Amino acid sequence: MTGTTGEKKRAAAGVEPRRDPTPSEHLTDWLLSLVRSRDWGKLAELRRPNLSKNAHIQAGWFDPRRREVFEQVAFFFALYHRGAAEASKGYGSLGTATRRIGNSIGRGPDDPGASRLMDRIVASRRPPLRHLQHAIERLRSCGEPPPSWARLADDLARWTDREARIGYRWAVDFHAPPKAAKNKKTTETTTTKGTAT
């Protein structure tokens, strides 16, 4: 007999089974807790990229095999949350996030600065840490949400994996066409035609 009674009930109700959080999700939860608990000291330590402080070491322990990546994501997180009252988990890939950079004239591909930044990021053979720092700082200055911190950690850990093609996926997300708003009239017409007999 497989699964617990609780798992069977959730499956019967159409609820996805619980899964254990990944190391990158644990890292994100820890980082979010630093902002929520107002641990400004640890966040300040994380903003110092060249010093191996306790906070950096603690971030790396969430996945010792990817220690450097986790320490770097913690640095980006701390930069984004400098002086922030609320913690942001972020969403989407870095390409999706960079698409939000800009102003009222244009964002993402319509903003020349954001386009140049994305070009520099995806052209790098190694994780483009300096350019990623610039992207995070631009998102913060524009008041836009960051990328998903957990996804950023996972993506950076696979940056050199040719099959993963992280840079390409970020570029696709950055240049994706805007989501078209559904025309209410067209939807109503389609619905009416579909129900007429």
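Please verify whether residue 105 is more than 22 Å from residue 170 (Cβ to Cβ) and of a type in the set (A, V, I, L, M, F, W, C), treating the condition exactly as stated.
yes
Condition check ((1) modelled with pLDDT of 95 or more; (2) in contact with a Lys or Arg (Cβ under 7 Å, 6 or more places away or on another chain); (3) exposed (fewer than 10 other Cβ atoms within 10 Å of the Cβ); (4) of a type in the set (Lys, Arg)) across all residues:
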residue	(1), (2), (3), (4)
154	yes, no, no, no
162	no, no, yes, yes
174	yes, yes, no, no
178	no, no, no, no
181	no, no, yes, no
188	no, no, no, no
196	no, no, yes, no
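Scan region 63-109 for residues that are of a type in the set (Gly, Ala, Ser), out of contact with any Lys or Arg (no Cβ under 7 Å at 6 or more places or on another chain) and in a loop (DSSP other than H, G, I, E, B) and report the count.
Going through region 63-109 one residue at a time, the tally reaches 8.
Quick one: in region 83-107, which of the residues that are within 23 Å of residue 154 (Cα to Cα) and out of contact with any Pro (no Cβ under 9 Å at 6 or more places or on another chain) is surrounded by the fewest Cβ atoms within 10 Å (Cβ to Cβ)?
The selected residue is 87.
Of all residues in region 31-56, how many are at pLDDT 90 or above, of a type in the set (A, V, I, L, M, F, W, C) and open to solvent by 30 Å² or more (accessible area, probe 1.4 Å)?
Of the residues in that region, 1 qualify.
For a quick check of your reading of the model, give me the residue pairs whose first member lies in region 100-111 and is without any contact (Cβ under 8 Å) to a residue 24 or more places away in the chain, whose second is open to solvent by less than 30 Å² (accessible area, probe 1.4 Å) and part of a loop (DSSP other than H, G, I, E, B), with beta-carbon atoms closer than 8 Å and at least 6 apart or on different chains.
Filtered contacts from region 100-111: 105/111; 107/100; 107/101; 111/101.
For residue 125, are the conditions met, namely being surrounded by fewer than 21 Cβ atoms within 10 Å (Cβ to Cβ) and not in a loop (DSSP other than H, G, I, E, B)?
So residue 125 fails the test.
Looking at region 111-118, is at least one residue of a type in the set (D, E, K, R), in a loop (DSSP other than H, G, I, E, B), under 18 Å from the mean Cα position of the chain (by Cα) and surrounded by fewer than 22 Cβ atoms within 10 Å (Cβ to Cβ)?
no
Look at residue 61 and say whether it is under 25 Å from residue 159 (Cβ atoms) and at pLDDT below 95.
Against the criterion (under 25 Å from residue 159 (Cβ atoms) and at pLDDT below 95), residue 61 qualifies.
So residue 66 ticks every box in (1) open to solvent by 70 Å² or more (accessible area, probe 1.4 Å); (2) under 23 Å from residue 21 (Cα atoms); (3) not aromatic (Phe, Trp, Tyr) but one. Which box is left unticked?
Checking residue 66 against (1) open to solvent by 70 Å² or more (accessible area, probe 1.4 Å); (2) under 23 Å from residue 21 (Cα atoms); (3) not aromatic (Phe, Trp, Tyr), the one that fails is (1).
Can you pull out the residues in region 133-162 that are in a helix (DSSP H, G or I), touching a helix residue (DSSP H, G or I) at 6+ places or on another chain (Cβ under 8 Å) and farther than 25 Å from residue 21 by Cα?
Answer for region 133-162, where residues must be in a helix (DSSP H, G or I), touching a helix residue (DSSP H, G or I) at 6+ places or on another chain (Cβ under 8 Å) and farther than 25 Å from residue 21 by Cα: 133, 134, 135, 137, 138, 139, 140.
The values are calculated or read from the model by the stated rules, or taken from the named source; none is laboratory data. Being a predicted model, the structure only gives us computed values, none of them experimental. With ideal geometry, Cβ positions are generated from the backbone for all residues, glycine too; neighbour counts draw on all protein chains shown. Side chains are part of the model used for accessible areas, which takes the heavy atoms of the whole protein and leaves out ligands, DNA and RNA. Shrake-Rupley method; radii C 1.70, N 1.55, O 1.52, S 1.80 Å.
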